[in-house]
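Derivation of every value follows stated rules applied to the coordinates shown; laboratory data play no part. As the structure is a prediction and not an experimental result, all values here were calculated from the model. Cβ sites come from the backbone with ideal geometry, for glycine too, and all protein chains shown count toward neighbours.
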Amino acid sequence: LLTGLMSAGCWALTAADAARAAFGGRTDQLVTILALLSLPNLISVGMLVSPRVLFAMSRDGLLPRSLARVNTGGTPSVALTVHMMVAASLVITGTYERLLAIATFLFVLVYGSGFLALVTLRKTEPSLVRPHRVCAYPWIPLVVLTGSFVFLAGAFLSDMANGVYACALILGS
């Protein structure tokens, strides 16, 4: 099963190919197993977060008020239904994979920029109060920054069209 998934060229298993190239052996199978185990959690988060963003935006007057309605259990059922219909249409039209590729690029860029801001701020403003400590500072932020840069470079080079589109989105906002 794992070999079949890896040879299918599934975009989500690119990390498995990278692990095999970097570390050899059966590391690709380990990464594939970890990716498959994390999928239900990722789907759950997407189903919980996105409708609540629609709900909050409608409550704040940025979207139609109907999206702010909740059922007797407190679930934003209208927003959940709209989210489900949009997700289904993206899957049916084949644009979901493209949006996911762009979103992944943007998420890694945002998290990486947060760690870059942490390192930069601690260097340029050493006298600021530090209410939260970073374990193993500066090593963990630097490892994350390096990993983020390597991922972004690889993602951009392997899928230049979506990488350019993600960069255009950033520059346009």
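Computed values, structure above
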quantity: Ile170 being surrounded by 11 or more Cβ atoms within 10 Å (Cβ to Cβ) and more than 30 Å from Met85 (Cβ to Cβ); calculated: no
quantity: Hey, Ala136 on the phi > 0 side of the Ramachandran plot, hydrophobic (A, V, I, L, M, F, W, C) and either within 15 Å of the chain's Cα centre (by Cα) or outside any helix (DSSP H, G or I) (or both) or not; calculated: yes
quantity: Search result, residues across segment 63-90 that are surrounded by 14 or more Cβ atoms within 10 Å (Cβ to Cβ), in a helix (DSSP H, G or I) and hydrophobic (A, V, I, L, M, F, W, C); calculated: Leu67, Ala68, Val78, Ala79, Leu80, Val82, Ala87, Leu90
quantity: Of all residues making up segment 122-140, the number that are closer than 26 Å to Ile170 by Cβ and either loosely packed, with under 12 Cβ neighbours inside 10 Å or in contact with a Lys or Arg (Cβ under 9 Å, 6 or more places away or on another chain) (or both); calculated: 6
quantity: Where a residue in segment 112-141 is touching a residue at least 24 places away in the same chain (Cβ under 8 Å) and its partner, wherever it lies, is small (Gly, Ala, Ser) and assigned to a helix (DSSP H, G or I), with Cβ under 6 Å and at least six apart; calculated: Gly112/Ser148
